[in-house]
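Derivation of every value follows stated rules applied to the coordinates shown; laboratory data play no part. Note that the structure is a prediction, hence the values are computed from the model and not measured. Here the Cβ positions follow ideal geometry from the backbone for every residue, glycine too, while neighbour counts run over all protein chains shown.
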Amino acid sequence: MSLALAALGLPFAALAHRRSVRYGLSTQTWAPWLSDAARSAAVGASLSAAGGALGMAALRRFPRRWWLPGAGGVVGLGALFAFAAPLVLDPIFNRFTPLPEGELRRDVLALAERAGVDVGEVFRVDASRRTTGANAYVWGLGRSKRVVLYDTLIDGFPADEVRSVVAHELSHVRHRDVRRGLAWLAIFAPGGTYLVEALAERIAREGAHDRGGRPLPGMLPALTLAVGLVSFAGQVVGNLLSRAVERRADAFALALTGDAEAFVALERRLVTRNIAEPEPPRLLHALLGTHPTALERIGIGVAFAAARGGAEPACATRAGDRTRPGTPGGS
Ligand SMILES: [Zn+2]
């Protein structure tokens with residue numbers, strides 16, 4: 001099922017890839033792109049197979065209320081994933097090198113010290129093998145905890161803007177947002193798996209149970225559909241929480257660096273570099289947006305500067321060295 005679904009999505013992914021190559025966002029030719037698709041299909045199929053086997057075992061063992069042990073399983077697997085993915089899965093797709101000694105590393109460590117956080121390790125990832133877009137993230141649990149910076153960010157952005165990104169990521173470390181995410185998962189998991197059970201039992205065809213009423217593997221398609229529907233709904237709620245967490249990280253970054261001008265300039269550069277939508281359609285953003293819109297983030301920067309009584313971080317004043325043609329004008 002997992003491979004069939006991957007094959008179904010492939011033509012659409014290919015169209016999207018051709019488009020991003022045309023617009024200069026993707027740096028990949030077809031061969032490495034296909035190799036990526038094959039690798040992620042293999043990883044997806046392995047995880048789905050393991051998940052399917054585990055799920056069936058739980059269903060057979062607890063034929064009635066399997067949602068309860070199911071909820072525990074979801075949280076346990078989530079924690080295992082957050083711990084192991086950076087060590088096992090991510091290296092299948094990218095190379096991660098610890099940030100070398102130098103100005104940036106010293107900058108990161110100084111910021112972390114001021115923020116009072118143990119930053120774990122800081123990695124540079126070779127994102128440029130696929131994209132010209134820039135990003136950074138915090139991931140991992142316990143010993144796999146890390147901050148990851150795209151090489152496109154390190155090499156293509158001014159130092160003050162990179163510092164602004166690092167300060168934002170430090171908020172995620174400081175507030176333990178990966179663990180907090182798992183805690184949210186633990187809160188929502190029982191309701192979610194309860195819904196999955198109710199939905200799957202309703203969708204399942206006759207013959208999905210043996211005479212004793214215990215689910216058979218014929219239950220798996222219904223289960224997969226139910227998981228898909230419920231996790232989409234869960235994702236929408238998760239995105240709402242994520243946007244709040246990201247707003248806090250932006251506020252934290254501004255307080256830590258005190259540099260609203262770099263913050264605003266960074267948001268502008270990210271939008272243009274990643275060919276992102278500064279103000280996406282409202283419904284789409286409400287459903288799928290994981291971060292505040294770029295326009296809102298610029299507003300956060302402007303509000304911070306205003307609250308400090310400083311000059312507005314008018315992008316226009318730095319037009320000479322900052323603007324790129326065609327960017328939306330000012331704040
Ligand atoms: Zn963030």
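Brief remarks follow.
- Filtering the stretch 235-261 to residues that are away from the ligand (no atom under 16 Å from the Cβ), buried (at least 18 other Cβ atoms within 10 Å of the Cβ) and part of a helix (DSSP H, G or I) leaves Ala260, Glu261.
- Test: residue in the stretch 271-280 that is away from the ligand (no atom under 16 Å from the Cβ) and of a type in the set (Ser, Thr, Tyr): yes
- Residue that is nearest to Ala286 (Cα to Cα) [pool: residues in the stretch 220-235 that are within 19 Å of the chain's Cα centre (by Cα) and of a type in the set (S, T, N, Q)]: Gln235
- Residue list for the stretch 262-280, restricted to those being buried (at least 16 other Cβ atoms within 10 Å of the Cβ), charged (D, E, K, R) and within 19 Å of the chain's Cα centre (by Cα): Glu267, Arg273
- Among residues of the stretch 118-145 that are closer than 28 Å to Ala37 by Cβ and without any contact (Cβ under 8 Å) to a residue 40 or more places away in the chain, those with a beta-carbon under 7 Å from a residue that is of a type in the set (A, V, I, L, M) and more than 16 Å from the ligand (Cβ to nearest atom) at least six positions away or on a different chain give the pairs Phe123/Leu99; Arg124/Leu99; Arg124/Ile154.
- Checking Leu25 against (1) aliphatic (A, V, I, L, M); (2) out of contact with any helix residue (DSSP H, G or I) (no Cβ under 7 Å at 6 or more places or on another chain); (3) exposed (fewer than 15 other Cβ atoms within 10 Å of the Cβ), the condition it does not meet: (3)
- Residue check for Val74: in contact (Cβ under 8 Å) with a residue 60 or more places away in the chain and assigned to a helix (DSSP H, G or I): yes
- Look at (1) within 15 Å of the ligand (Cβ to nearest atom); (2) touching a helix residue (DSSP H, G or I) at 6+ places or on another chain (Cβ under 7 Å); (3) without any contact (Cβ under 8 Å) to a residue 60 or more places away in the chain and you find that Glu296 fails only one, number (2).
- So His168, is it within 26 Å of Asp259 (Cα to Cα), within 15 Å of the ligand (Cβ to nearest atom), under 23 Å from the mean Cα position of the chain (by Cα) and surrounded by fewer than 22 Cβ atoms within 10 Å (Cβ to Cβ): no
- Screening Val138 with (1) within 12 Å of the ligand (Cβ to nearest atom); (2) assigned to a helix (DSSP H, G or I); (3) farther than 13 Å from Val108 by Cα gives one miss only, at (2).
- Only one of the listed residues (Leu216, Leu149) is of a type outside the set (D, E, K, R) and over 17 Å from the mean Cα position of the chain (by Cα). That residue is Leu216.
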